Amino acid sequence: MSKYSSRDWENATREEDHQTDLGDLWIVPYADFMTVLMIFFLLMFAFAYNSKQDKSFQKIVADIQAEMGGEVNKDLIEKMVEQDKNDQIVSKFDDMIEKLHLKNFITVNSAADHIKVVFANPILFDVGQFELKKESKELMHEMAQIILKQTDNEIIVEGHTDNLPIHGGKFKSNWELSIARAMEVVNYFVKNEGLDPRRFAAAGYGEFRPVLSNDTEENRSQNRRIEIDILTARKQAAQ
């Protein structure tokens with residue numbers, strides 16, 4: 001007579017099945033690890049090839065495909081290459097701001113479709129004026145060098161003002177003043193720095209897109225600003 005009862009045999013069978021199921025679970029983390037490893041190498045390839053400035057995106061993808069022995073996700077590689085390029089541009093702007101000690105007057109933000117550089121008052125213009133201040137020329141020259149050497153993307157220059165009405169003078173409204181300031185910046189880049197005029201557009205928004213309420217002079221000084229938007233390749237393709 002067996003020393004094991006039917007209940008003991010059933011429990012032993014269940015335990016064996018449970019152990020077998022647990023043993024198969026190694027496949028899940030292994031697959032996750034292989035996926036992460038593949039993405040890591042794709043990133044390494046993208047960054048390596050992107051450092052070669054004479055290669056287009058299509059050539060980068062073709063080289064990566066040859067190295068990997070098959071097709072890769074072109075959209076993913078494009079995003080990685082573009083993000084790396086944008087990070088390099090932002091880093092150059094940050095270095096410029098630190099060099100010129102203008103951290104309190106200039107901010108740089110990077111998004112999926114553009115890099116935005118914001119110049120707050122009074123770094124470029126005196127109140128109510130549209131001519132670039134003489135002391136701002138070094139800053140504009142430094143910025144032009146970054147735009148020239150780091151990117152050939154399209155650029156939109158936006159002028160913004162506070163809500164204090166204009167009395168007399170050359171301009172009838174803040175709207176006109178904001179457009180004139182945007183055009184002054186564009187003209188400097190084109191005429192003084194020799195940048196391609198086909199890359200630029202100018203826009204003026206007057207007091208209608210404030211970043212802060214206009215209830216204090218400090219807030220108004222932040223609203224009086226120039227924004228330079230460097231469009232990404234993906235944003236340009238979508239237009």
Q. Mind checking which residues of segment 127-151 are at pLDDT below 90 and of a type in the set (D, E, K, R)?
A. K149
Q: Taking N153 as the residue in question, decide whether it is within 21 Å of D229 (Cβ to Cβ), assigned to a loop (DSSP other than H, G, I, E, B) and in the same structural domain as V211 (by TED's automatic domain parsing).
A: yes
Q: Pairs only if they're at least six apart or on different chains, beta carbon under 6 angstrom, first in segment 139-160 and closer than 28 Å to E176 by Cβ, second of a type in the set (K, R) and not in a loop (DSSP other than H, G, I, E, B); list them, first residue then second.
A: E154/R199; I155/R199; G159/R181; H160/R225
**Q.** Residue satisfying all of: in segment 121-135; surrounded by fewer than 18 Cβ atoms within 10 Å (Cβ to Cβ) and of a type outside the set (A, V, I, L, M, F, W, C); farthest from H167 (Cα to Cα) among these
**A.** E135
**Q.** Residue check, D162 assigned by TED's automatic domain parsing to the domain that holds N174, more than 21 Å from G194 (Cβ to Cβ) and assigned to a helix (DSSP H, G or I)
**A.** no
Q) Under the condition of being out of contact with any Gly (no Cβ under 8 Å at 6 or more places or on another chain) and either at positive phi or surrounded by fewer than 16 Cβ atoms within 10 Å (Cβ to Cβ) (or both), which residue from segment 168-189 is modelled with the highest pLDDT? A) N187
Q.
Every residue in segment 177-217 that is in a helix (DSSP H, G or I) and within 23 Å of the chain's Cα centre (by Cα), please.
A. A182, V185, V186, F189, P197, R198, R199
Q: Return the residue satisfying two criteria in turn: it lies in segment 155-167 and is of a type outside the set (A, V, I, L, M, F, W, C) and at pLDDT below 95, and of such residues it is farthest from the chain's Cα centre (by Cα).
A: H167
Q.
Can you tell me how many residues within segment 157-185 are more than 19 Å from K137 (Cα to Cα), among the aliphatic types (A, V, I, L, M) and in contact with a helix residue (DSSP H, G or I) (Cβ under 9 Å, 6 or more places away or on another chain)?
A. 2
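The values are calculated or read from the model by the stated rules, or taken from the named source; none is laboratory data. Quick caveat, the model's predicted, so the values are computed rather than measured. Because the Cβ atoms are built from the backbone with ideal geometry, glycine has one as well, and the counts that use them run over all protein chains shown.
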